[in-house]
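Worksheet: the structure to be examined is printed underneath.
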Amino acid sequence: MSADETTAPAVITDDQQRLHELGYAQELRRHMSGFSNFAVSFTIISILSGCLTLYGTGLNSGGPVIITWGWPFVGVMTLFVGLAMAEVCSSFPTAGGLYYWSAKLAPRNPAAWSWFTGWFNFLGQVAVTAGIDFGAAFFLNALLDLQWGYDTRPWHTIVLFAAILLLHGVVNQFGVRLVAILNNVSVWWHIIGVLIIVSVLAFVPSHHQSASWVFGHFVNNTGWGAKFYVLLLGLLLAQYTFTGYDASAHMTEETKSAATAGPRGIVTSIVVSLFAGWLLLIGITFAIQNYSGAASASVPAAQVFIQALGNTGAKLLLLVVIGAQLFCGMSSVTANSRMIYAFSRDGALPGSQFWHRVNPKTRTPTNAIWLAAGGALILGLPYLWNNTAYVAVTSIAVIGLYVAYVMPTFLRLRLGSRFKAGPWQLGRWSRPIGIIACVWVAFIFVLFMLPTVSP
């Protein structure tokens, strides 16, 4: 008797049947609800992580005008990408996600398309995990500096970064049920946290910037002379934040009603983040007291809190932010490990047999979890020698993930009417949405490889 026969339940659900049709056995536990699936992507997008860790990029590359208006513009463009991805996800609800979709949609050379998609996805996933936990280390370092004088020299930040990755690796080993519970808590932590931060910054400071300044003031601290180019560079703040929503696809083998819950998780996480993130950015920008002091600080958002509220108030808000960032990093390791698990299950990673192993007690891909955390640590180490390494990591995350996001959409467009849609579909809007998504990703692929400062 095979392993599949001894472990299969007496009744095969529709989700398990569809997974078998796609060529895989049900090895992971399917405990996640549709809300939990959404929660994973929403937690990884984490407006309290991306918005605040790259807030300084916005302050120096365009200023308030790009922070305020770049966010909704990038959010809408990201929604096109997410809608196109969601339609494909509904047809192929597997943990492999993007690279598997490419294999199924490519009319010729499916292995090559799948390989390139998978490696871009792997690189982007590791980079975004590094970026998230590095951001958490920045903010934790700022809090420790305020409280105990543990200053923000690079090796201090790297020690905290390594400790956070270790924590997230350990938490993920306990199984998907614990991760799902923590992600559900994370959704409300983020929503309530944004409301607390915005409310405190709206009522406590004695001075606020004018609306015309918040919605129209331009700043250029990049060294570049072209205003339009500087504004484009400032879009990295928003585009880096809007990453990681492919997590809903990677968690479909552990989600009930995956063919509809996965796509909804992708789209809903983008929409909720768009509105909540805009509210957060506007609230923080109104509260800036000393622009040059904030823009030149090692953790600009934390400096805004200190200017507006004093040390005690800043510490309380930093606790809210750090909590959200820890949730975010935990979910990023979860999604990254599932992608590694699936990719190695198909033999695409060196040492695939090792990375594909599932812990028989927790039914989690333990080795893949530690590859995700270890790879992120390696990407962060150059910060010890060059403090621009963090911006480089965020650019790598955006480029790697979005190339992987759009490859299946491009292949789906080439298939045309031959594409067999799942229960969640775009209908006649599928083609125009897919075209917009491809054009936008081609644009940011070039943009975020360009130099951000001069010289």
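The values are calculated or read from the model by the stated rules, or taken from the named source; none is laboratory data. Predicted model, so just to flag it, every value in this text is computed and none were measured. Here the Cβ is made from the backbone with ideal geometry for all residues, glycine too, and neighbour counts use every protein chain on show.
Assorted remarks:
- The number of residues in segment 15-51 that are charged (D, E, K, R), touching a residue at least 60 places away in the same chain (Cβ under 8 Å), in a helix (DSSP H, G or I) and surrounded by fewer than 20 Cβ atoms within 10 Å (Cβ to Cβ) comes to 1.
- Annotation: Ile66 fulfils all but one of (1) of a type in the set (Val, Ile, Thr); (2) under 30 Å from Ala287 (Cα atoms); (3) surrounded by fewer than 19 Cβ atoms within 10 Å (Cβ to Cβ); the unmet one is (3).
- Checked against the criterion of being over 18 Å from the mean Cα position of the chain (by Cα), crowded, with 24+ Cβ neighbours inside 10 Å and hydrophobic (A, V, I, L, M, F, W, C), the candidates Ala261, Ala238, Ala247 yield just one match: Ala261.
- For segment 147-177, filtering for residues that are assigned to a loop (DSSP other than H, G, I, E, B) and not hydrophobic (A, V, I, L, M, F, W, C) leaves 7.
- Apart from one condition, Ala392 fits all of (1) at pLDDT below 85; (2) farther than 30 Å from Cys438 by Cβ; the exception is (2).
- Tally, over segment 248-291, of residues that are among the β-branched types (Val, Ile, Thr) and closer than 18 Å to Thr334 by Cα: 3
- Residues of segment 200-245 that are under 18 Å from Gly293 (Cβ atoms) and touching a Lys or Arg at 6+ places or on another chain (Cβ under 8 Å): Asn220 alone.
- Residue that is farthest from Ser91 (Cα to Cα) [pool: residues in segment 397-427 that are among the hydroxyl-bearing types (Ser, Thr, Tyr) and in contact (Cβ under 8 Å) with a residue 40 or more places away in the chain]: Tyr402
- Leading residue by the ranking (surrounded by the fewest Cβ atoms within 10 Å (Cβ to Cβ)) among those in segment 207-235 that are in a helix (DSSP H, G or I) and of a type in the set (Ser, Thr, Tyr): Ser212
- None of Val159, Val187, Val170 is surrounded by fewer than 17 Cβ atoms within 10 Å (Cβ to Cβ) and closer than 22 Å to Glu254 by Cβ except Val170.
- The set of residues in segment 212-228 that are touching a residue at least 40 places away in the same chain (Cβ under 8 Å) and either touching a helix residue (DSSP H, G or I) at 6+ places or on another chain (Cβ under 9 Å) or aromatic (Phe, Trp, Tyr) (or both) comprises Trp213, Val214, Phe215, Gly216, His217, Phe218, Val219, Asn220, Asn221, Thr222, Trp224.
- Screening Phe116, Phe80 for residues that are out of contact with any Leu (no Cβ under 9 Å at 6 or more places or on another chain) and either buried (at least 20 other Cβ atoms within 10 Å of the Cβ) or not in a helix (DSSP H, G or I) (or both) leaves exactly one candidate, Phe80.
- Screening Thr362, Thr394 for residues that are out of contact with any Lys or Arg (no Cβ under 7 Å at 6 or more places or on another chain), in contact (Cβ under 8 Å) with a residue 24 or more places away in the chain and not in a helix (DSSP H, G or I) leaves exactly one candidate, Thr362.
- Test: residue in segment 346-354 that is part of a helix (DSSP H, G or I), surrounded by fewer than 20 Cβ atoms within 10 Å (Cβ to Cβ) and touching a residue at least 40 places away in the same chain (Cβ under 8 Å): no
- Listed by first and then second residue, the pairs linking a residue in segment 258-276 that is closer than 13 Å to Val40 by Cα and touching a residue at least 60 places away in the same chain (Cβ under 8 Å) to a residue that is of a type in the set (D, E, K, R) and crowded, with 21+ Cβ neighbours inside 10 Å, with Cβ atoms under 8 Å apart and 6 or more places separating them unless they lie on different chains, are Pro263/Glu87; Ile266/Asp246.
- When segment 145-161 is filtered for residues that are over 26 Å from Ala368 (Cβ atoms), without any contact (Cβ under 8 Å) to a residue 12 or more places away in the chain and not basic (Lys, Arg), the ones remaining, listed by number, are Asp145, Trp148, Gly149, Tyr150, Asp151.
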